[in-house]
Amino acid sequence: MARSGVDELKVRMLAEEARGLADEIADFIQNLDKYSGEWDKRLLAMAYAQYVERFLSHYEDLCYRVQSVLPEIESSIMDPMSVSGGDIISRGEMVAILKSIAAASRALAEALDQYLEPSLSSEERDKLASLRAQIEELRDFELNLYKHLMCAIDEYEEGDYLSSSLVAGKVVQYIYEQLCKKLDASKVRDDKGGCNVELVAKQIAEVLGLKGKDRDKHLRELIETSKLARNYFTHDINAIPEPQEALRLLSGACDLALKYRAVVEKLRSQNVP
């Protein structure tokens, strides 16, 4: 949770914008030659000043918006060298100033992160962004399934790992129930008529044509996801997920949902109800 009185969404968005600005500057410097091309020396100098002014203006505007949300952060904001857009500067001077702006942007993002709990690692942020992108195709397939997974991702991002695991576990249970209705009962149910997770996982692999190492990996991951879901959603009241366990369950639920969609579409193509 964010500190009391802090608009967490705004702070998070500002932090991401600051990181994005730093990345944009780094990319610009790395690809500088394609921008400088065949211009003559004086035109280059004028362009350098304009590039500096562009990035510096973005940084200064960002700082202004940050201080309007968090006035107390002013002492943490680095003030890079001020440059007039009309000045003629060399390539080396421009790169040095841009690096200064990039460093100030990263420092600003890190300062903003201190007002948010928990502070996600870059790997976690990348993983959550990837999961959001992957499940987007579920929106038109089954909207409520998509909403549940988005909720689970949001809860993880907020640091509420138990809530994330509960929602993800609900998704896993729901999908297995649906698959047990859609697949051949003789291949997915045990002797007592119950839905057998391992048999369902094997049927998913068969329908999707997974073989060899892909099939083995699929079975291993789906069974692990099922065990985690059972522990946190229905089975063990003493099970409180650590972040890495919650993320594994969340990732597994998203993967299962995508395979569920693929299975349903494959069955439809075969005119199976």
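The values are calculated or read from the model by the stated rules, or taken from the named source; none is laboratory data. For clarity, every value in this text was computed on a predicted model and none was experimentally measured. Backbone-built Cβ (ideal geometry, glycine too); neighbour counts: all protein chains shown. Surface accessibility is based on the protein's heavy atoms, side chains included, excluding ligands, DNA and RNA. Shrake-Rupley method; radii C 1.70, N 1.55, O 1.52, S 1.80 Å.
Any residue at all in the stretch 146-169 that's under 16 Å from residue 263 (Cβ atoms) and at pLDDT 90 or above? It would help to see each step written out before you state the result.
From the stretch 146-169, those under 16 Å from residue 263 (Cβ atoms) are none; that's our starting set.
No: the stretch 146-169 contains no residue that is under 16 Å from residue 263 (Cβ atoms) and at pLDDT 90 or above.
One residue is enough: does the stretch 89-105 have a residue meeting the conditions crowded, with 16+ Cβ neighbours inside 10 Å, hydrophobic (A, V, I, L, M, F, W, C) and under 18 Å from residue 8 (Cα atoms)?
No, the stretch 89-105 contains no residue that is crowded, with 16+ Cβ neighbours inside 10 Å, hydrophobic (A, V, I, L, M, F, W, C) and under 18 Å from residue 8 (Cα atoms).
Residue by residue, here is whether (1) out of contact with any Phe, Trp or Tyr (no Cβ under 9 Å at 6 or more places or on another chain); (2) surrounded by fewer than 22 Cβ atoms within 10 Å (Cβ to Cβ) holds:
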{"site": "164", "(1), (2)": "no, no"}
{"site": "173", "(1), (2)": "no, yes"}
{"site": "224", "(1), (2)": "yes, yes"}
{"site": "230", "(1), (2)": "yes, yes"}
{"site": "240", "(1), (2)": "no, yes"}
{"site": "253", "(1), (2)": "yes, no"}
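Could you give every pair whose Cβ atoms fall below 8 Å, whose first residue belongs to the stretch 169-190 and is in contact (Cβ under 8 Å) with a residue 60 or more places away in the chain, and whose second residue is basic (Lys, Arg) and crowded, with 21+ Cβ neighbours inside 10 Å, counting only separations of at least 6 or pairs across chains?
none
Based on what the data block shows, is residue 65 at pLDDT below 90 and charged (D, E, K, R)? Give the steps one after another, and end with the answer.
Numbers: at pLDDT below 90: no; charged (D, E, K, R): yes.
When the stated conditions are applied, residue 65 does not pass them.
Condition check ((1) more than 16 Å from residue 14 (Cα to Cα); (2) without any contact (Cβ under 8 Å) to a residue 12 or more places away in the chain; (3) open to solvent by 60 Å² or more (accessible area, probe 1.4 Å)) across all residues:
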{"site": "115", "(1), (2), (3)": "no, no, no"}
{"site": "128", "(1), (2), (3)": "yes, no, no"}
{"site": "140", "(1), (2), (3)": "yes, yes, yes"}
{"site": "159", "(1), (2), (3)": "yes, no, no"}
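Restricting to the stretch 205-217, name every residue that is without any contact (Cβ under 8 Å) to a residue 24 or more places away in the chain and either open to solvent by 80 Å² or more (accessible area, probe 1.4 Å) or part of a helix (DSSP H, G or I) (or both).
205, 206, 211, 212, 213, 214, 215, 216, 217
Looking only at the stretch 196-204, decide whether some residue is in contact (Cβ under 8 Å) with a residue 24 or more places away in the chain and farther than 18 Å from residue 265 by Cα.
Yes - at least one qualifying residue is present in the stretch 196-204.
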